[in-house]
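Colleague: Take a look at this one; I'll ask things after.
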Amino acid sequence: MARKPKYDENFLKGKYEVINPEALDKRATDTGKFKNRSIFARLIKKCKTFDEYLKLVGDSVVADGNTATNGRQELTYFLDKGVIRKVAK
């Protein structure tokens, strides 16, 4: 059975703001385990909306060792960690 996404398409619309830029900077400059995910952190910091970010990352997938991650997964990771948050309309 497929897992239901934590954030639906409607939630990932509109603007977001970066709450903890240091966390994004750390991921963006990581040379260790998560170094291939750095592109996602740089784009999250650069973009101002979910739509802009998701358009740029498209279906991109990166692999770190045995794990593959896409841009949407990295975005929801940073939402869950409180690094970014959705801006209310």
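Please treat every number below as a calculation from the coordinates, not as lab data. The model shown is predicted, which means the values in this text are computed figures rather than measured ones. Neighbour counts are summed over all protein chains in view; Cβ atoms, including those assigned to glycine, are modelled from backbone coordinates with ideal geometry.
Colleague: If you filter segment 1-84 for GluC sites (Glu not before Pro), then keep DSSP loop positions with at most 12 other Cβ within 10 Å, what is left?
Modeller: 9
Colleague: Which residue, chosen from 23, 63, 87, occupies the Cα position most advanced towards the positive end of the dipole of the chain, where the dipole is computed from +1 (Lys, Arg) and -1 (Asp, Glu) charges on Cβ about the Cα centre?
Modeller: Positive-end residue among those listed: 87.
Colleague: Separate question: Let me know the charge dipole size of the chain about its Cα centre in debye, to the nearest 20, where only the beta-carbon of Lys, Arg (+1) and Asp, Glu (-1) is charged.
Modeller: For this selection, approximately 160 debye.
Colleague: Looking at this model, which pairs from 35/86; 45/89; 6/48; 33/86; 45/81 are more than 24 angstrom apart at the alpha-carbon?
Modeller: 35/86; 33/86
Colleague: A further question on this structure: At a Cα cut-off below 12 Å, give the aspartates and glutamates reachable from residue 15, other chains included and same-chain residues fewer than 8 away excluded.
Modeller: Answer for residue 15, where 12 Å is the Cα cut-off: 51, 52, listed by chain and number.
Colleague: Counting only Cα, what are the radius of gyration and maximum Cα-Cα distance Dmax of the chain, in Å?
Modeller: When restricted to the Cα atoms of the chain, Rg and Dmax are 12.7, 39 Å.
Colleague: Would you work out the relative contact order for the chain, in percent, from Cα pairs under 8 angstrom that are 6 or more residues apart?
Modeller: Dividing the mean separation by the residue count of the chain yields 36 percent.
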